[in-house]
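Student: Dropping a structure here in structure tokens format, bear with me for questions.
The values are calculated or read from the model by the stated rules, or taken from the named source; none is laboratory data. Because the structure is a prediction, the values reported are computed rather than measured. Virtual Cβ from ideal backbone geometry, glycine too; neighbours counted across all protein chains shown.
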Amino acid sequence: MNPADYDAWYDTPRGRWIGETEFRLASRLLNARPGASLLDVGCGTGWFTRRFARQGLQATGLDSSPEWLAYARAHSDPAIRWVEGNAQALPFSDAHFDHVLSIAALCFADDEQKAVAEIVRVARRSFVIGWLNRSSLLYRDKGKSGGSGAYHGARWHTAREVLSMFSDIPAHRLTVRSAIFLPSGTRWAAVLEQGMPNAMRWGGMLLVYGEKA
């Protein structure tokens, strides 16, 4: 999939609903104040990076693909910084950003636990990391047999598995939340989503919030 097609998906009714639902949950968990610095690891086209920048955060997007970063740079505010880099060796000093975000990106990394350690290392206050949930209806629809579409090649995890990645990492107050319980994209799915408690662990997206210890 090319970056233009990927970003255009967020303009479809289903893409807009899923993207905004995930953004609202991540934003609520981070509770970042305007002016705070934020790093988006595996930012891709920068959809989430741009959304957080609109909240007044000093946003930086990092990705390993020059092509996708070029698209992100061409379709964003000049105030957003874009950096080419590897999630498993982030080119920043310790505690460089107030908050760090990563949405459905580490599932493509060679060493997810190393990427988790790097995210915690460069965070000063808190972080939110999103994983694709193997205990979800989305997995049954898009994740089996190697995955389809944008999910092709992604690894899917349970809540227990993602929490195990934080062993021996200086993070505390770990909290698991999920979203996208009914991934069909219908109007009724969007309505029902609003009444589902995020504490349930079978939404298509698992988000782990934590603070720097």
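The rows are residues; the columns are (1) within 22 Å of Val41 (Cβ to Cβ); (2) at pLDDT 95 or above; (3) not polar (S, T, N, Q).
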residue: Ala117; (1), (2), (3): yes, yes, yes
residue: Ser135; (1), (2), (3): no, yes, no
residue: Ser145; (1), (2), (3): no, no, no
residue: Ser148; (1), (2), (3): no, no, no
residue: Tyr151; (1), (2), (3): yes, no, yes
residue: Thr158; (1), (2), (3): yes, yes, no
residue: Met165; (1), (2), (3): yes, yes, yes
residue: Ile169; (1), (2), (3): yes, yes, yes
residue: Val176; (1), (2), (3): yes, yes, yes
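Student: Given the criterion in a loop (DSSP other than H, G, I, E, B), modelled with pLDDT under 95 and over 27 Å from Gly203 (Cβ atoms), identify the matching residue among Asp94, Asp77.
Tutor: Going through Asp94, Asp77 in turn, just one is in a loop (DSSP other than H, G, I, E, B), modelled with pLDDT under 95 and over 27 Å from Gly203 (Cβ atoms): Asp77.
Student: Then there's this: As an exercise: evaluate Leu62 against (1) at pLDDT below 95; (2) buried (at least 23 other Cβ atoms within 10 Å of the Cβ) and give the number of the one condition it does not meet.
Tutor: Leu62 satisfies every listed condition except (1).
Student: In the range 16-37, how many are part of a helix (DSSP H, G or I), in contact (Cβ under 8 Å) with a residue 40 or more places away in the chain and closer than 18 Å to Ser102 by Cα?
Tutor: 7
Student: Scan the range 180-211 residue by residue and report those that are under 16 Å from Phe23 (Cα atoms), β-branched (Val, Ile, Thr) and not in a loop (DSSP other than H, G, I, E, B).
Tutor: Val208
Student: Then there's this: Condition first: in a helix (DSSP H, G or I), within 28 Å of Arg124 (Cβ to Cβ) and of a type outside the set (Phe, Trp, Tyr). Can you find one or more residues in the range 171-179 that meet it?
Tutor: no
Student: Now a separate question. State which residue is farthest from Ser76 (Cα to Cα) when the search covers only the range 1-14 and only residues that are surrounded by 15 or more Cβ atoms within 10 Å (Cβ to Cβ) and touching a residue at least 40 places away in the same chain (Cβ under 8 Å).
Tutor: Here the answer is Arg14.
Student: Still on this model: Kindly establish whether Phe52 is under 24 Å from Phe181 (Cβ atoms), surrounded by 17 or more Cβ atoms within 10 Å (Cβ to Cβ), touching a helix residue (DSSP H, G or I) at 6+ places or on another chain (Cβ under 6 Å) and hydrophobic (A, V, I, L, M, F, W, C).
Tutor: No; evaluated as a whole, the condition is false for this residue.
Student: Please list, ordered by first then second residue, the pairs with beta carbon atoms under 6 Å, 6 or more apart or interchain, first in the range 132-158 and in a loop (DSSP other than H, G, I, E, B) and crowded, with 20+ Cβ neighbours inside 10 Å, second of a type in the set (A, V, I, L, M) and at pLDDT 95 or above.
Tutor: Partner pairs satisfying both residue conditions: Trp156/Leu132.
Student: For Ala89, state whether it is over 17 Å from Val208 (Cα atoms), of a type in the set (A, V, I, L, M) and surrounded by fewer than 20 Cβ atoms within 10 Å (Cβ to Cβ).
Tutor: So Ala89 passes the test.
Student: So, in the range 2-26, exactly how many residues are of a type outside the set (A, V, I, L, M) and in contact with a helix residue (DSSP H, G or I) (Cβ under 7 Å, 6 or more places away or on another chain)?
Tutor: 10
Student: When you check Ala87 against the structure, is it more than 19 Å from Trp9 (Cβ to Cβ), free of Cβ contacts under 8 Å to residues at least 60 places away in the same chain and out of contact with any Phe, Trp or Tyr (no Cβ under 7 Å at 6 or more places or on another chain), yes or no?
Tutor: Answer is yes for this residue.
Student: Now, a different point. Give me the residue from the range 159-181 that is in contact with a strand residue (DSSP E or B) (Cβ under 7 Å, 6 or more places away or on another chain) and of a type in the set (Ser, Thr, Tyr) and, out of that set, farthest from Gly210 (Cα to Cα).
Tutor: Ser178
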